[in-house]
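J.: Pasting a structure here, questions to come.
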Amino acid sequence: MDWIPAISTSSLLILALGLFRNLIITRLTNSVKHEYDAKIENLKAELRKNEEAFKIDLSTKTSQIEALRNVVLSGVTSRQAVIFERQLVAVEQLWEAFVSLAPAKEVSAWMAEVKFESAAKEAAKNSRVREMFSMIGNFDLNNLEIKQALKTRPFISPLAWAYYSAYEAIVFHAITRLHMLKNGIDMVEVIDSSRVISLVRVALPHQVQYIEKYGPSAFHYLLEELESNLLAAFRLMFQGEEVDKDNLEKAAAIIKQSEALMDANVKSGAVEETL
């Protein structure tokens, strides 16, 4: 029966070893779990820290960008305000120049009723006819604000300047004709009406047939439409609308023809004292 204690001792030893092993495993498991949980918490804390830092950095950069944007917009707004104010002044000045052309428009109205070729022949030989035409043009050309109008050009839209130039060129064409009658110059070939027709072709293309039918005497009756177009161009400026490519090309063509007509008027000697 000696083997019974031996078995009991062995069994107890095995049981003790099993319990010890379970204890070690449990402790190891708990230790690993604790370490893992600690690392997880540290990682979460680090992530929260990084997230907060990112939010702060993002907020700072957003504030910087917003501040820069406000500075830029403020600068743009200020520049736009200055430019717009200068445009308003330019429009007022150009309109004053336009209004100063009223006496020239009256001359245009008179000349629309005159048979120029016949009147030129009569004025060349009759001083009383010349005196009569001198009375028609009894106004001070120095009161015409031509030079003031030129100063506004950088701030006026191309289309507005084009219509003003066309209007000015047509009334000065009438002044040129009157100048010849006042001085008894029977040289109708000096007056090249084809230049006015070329101007009308680009400024008011729908009126070409009217001009070709009635000739130079009809030029005056286009002034009202040119005035309306000028005011419409001013409105576009105030509304901030861009002039499209077609209108820019049209404006360039009108200005080119207007300048050619004004050059012809100046060369005739009729308007040299005003330019």
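The values are calculated or read from the model by the stated rules, or taken from the named source; none is laboratory data. This one's a predicted model, so the numbers in the text were calculated from it and none came from an experiment. No Cβ is skipped: glycine too gets one built from the backbone with ideal geometry, and neighbour counts run over all protein chains shown.
J.: Would you say residue 218 is crowded, with 19+ Cβ neighbours inside 10 Å and either at pLDDT 90 or above or in the same structural domain as residue 262 (by TED's automatic domain parsing) (or both)?
T.: No.
J.: Specify which of the listed residues (71, 99, 82) is in a helix (DSSP H, G or I), modelled with pLDDT of 85 or more and within 30 Å of residue 239 (Cβ to Cβ).
T.: Being in a helix (DSSP H, G or I), modelled with pLDDT of 85 or more and within 30 Å of residue 239 (Cβ to Cβ) holds for just one of 71, 99, 82, which is 99.
J.: Those residues that are without any contact (Cβ under 8 Å) to a residue 12 or more places away in the chain and more than 21 Å from residue 99 (Cβ to Cβ), I need them from the range 211-246; list them, please.
T.: Result: 213, 214, 239, 240, 241, 242, 244, 245, 246.
J.: Of the residues that sit in the range 246-270 and are at pLDDT 70 or above and of a type in the set (D, E, K, R), which one is surrounded by the fewest Cβ atoms within 10 Å (Cβ to Cβ)?
T.: 246
J.: Any idea which residue in the range 122-133 is farthest from residue 227 (Cα to Cα), counting only those that are surrounded by 15 or more Cβ atoms within 10 Å (Cβ to Cβ) and in contact (Cβ under 8 Å) with a residue 12 or more places away in the chain?
T.: 124
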